Amino acid sequence: MGLFSKETAICCICGEECDFPKYRLADNRWLCQDCVKDAGISDTSALKNMTKEDVLGKFSNNASYDAMARKMYKYAVDHGFGHGWNETWGVKHFRVVAEKLLPGEEFMMSFIGLHNYVSATKHDQNFAYVITNKRILMGQKQKIAGEKFQAIYLDNINDITFTSGLILGVMTIDTIKEVFNVGLDKNSAKEISSKVLQVFHDLRTQKEPAPTAQTSDSTFSAADEILKFKQLLDAGVLTQEEFDAKKKQLLGL
Ligand SMILES: [Zn+2]
């Protein structure tokens with residue numbers, strides 16, 4: 001066995017023989033180029049500090065980001081909130097947003113529009129827009145590398161208004177820090193604007209616990225209360241009639 005002996009490197013993920021380039025992990029296992037790509041690992045210099053388990057974790061993150069991005073894109077297309085784009089385009093750009101979602105952040109709606117729209121020839125190209133229960137998120141994957149991303153907490157939005165132009169509809173988002181325009185396809189601008197306003201209205205009126213949460217919360221506390229009264233009944237403090245009446249009242253019957 002000399003320096004030039006050919007060591008067969010079997011990828012610890014896919015079990016295939018690794019072509020060049022191949023990567024040695026921290027646990028001395030090999031990883032092939034295809035699996036690096038599939039796991040969504042862009043910084044290969046980090047691999048020498050990762051174990052097989054770390055790589056597997058990346059795989060599941062990668063798959064869930066892709067699934068979320070696909071859902072966001074599909075929503076926009078299914079509602080006519082962006083067309084002329086294929087799924088590859090959509091997943092690429094919505095993924096920028098999907099990766100930034102915070103725990104507990106819920107997807108409400110998505111659309112595609114021209115960012116920082118000034119005129120038909122002056123804008124930052126198409127962005128993927130997502131409204132969640134917390135923020136408006138906007139993202140764009142850059143052609144060569146990197147991405148553009150911006151998020152605004154709904155609390156920091158003063159107003160959202162719409163104007164209809166000859167070629168495009170324009171959505172104006174007025175925030176505490178800045179005002180910017182989004183150019184929307186004229187055919188879908190109306191539907192997007194009414195959906196955005198509806199989502200905002202719904203979020204504002206449900207600012208306190210959502211109806212479903214409220215029901216389950218009050219059911220939960222009602223059950224607690226009933227248990228307390230049951231103890232009073234068992235202790236002979238309450239009569240059966242008094243307990244029944246209290247129980248009915250607590251359950252809202
Ligand atoms: Zn592999």
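Only the coordinates and a few stated rules stand behind these numbers; no lab work does. Keep in mind the model is a prediction, meaning the values are calculated, not measured. Positions of Cβ are generated from backbone atoms using ideal geometry, with glycine treated the same way; all protein chains shown enter the neighbour counts.
Okay, here's what the table says:
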read-out: Magnitude of the charge dipole, the chain, Cβ model with Lys/Arg +1 and Asp/Glu -1, debye to 20; value: 640 debye
read-out: Dipole-positive endmost among 222, 240, 130 within the chain (Cβ charges, Cα centre); value: 130
read-out: Tilt relative to the chain, helix 211-234 - C-alpha long axis, 0 to 90 degrees, to 10; value: 50 degrees
read-out: Cβ-Cβ FRET estimate between residue 19 and residue 61, R0 fixed at 30 Å, reported to 0.05; value: 0.75
read-out: Cβ-based charge dipole, the chain, positive-most Cα from 109, 90, 196; value: 90
read-out: Set of the stretch 145-181 residues, backbone N closer than 17 Å to the point 7 Å along the Cα-Cβ line of residue 202; value: 154
read-out: Gyration tensor verdict on the chain (Cα atoms; rounded if a/c is under 1.5, prolate if a/b is larger than b/c, oblate otherwise); value: oblate
read-out: Point-to-point label distance, residue 78-residue 155, nm (Cα→Cβ direction, 7 Å offset); value: 3.2 nm
read-out: FRET efficiency estimate (nearest 0.05) - Cβ-Cβ, residue 26 to residue 142, R0 35 angstrom; value: 0.70
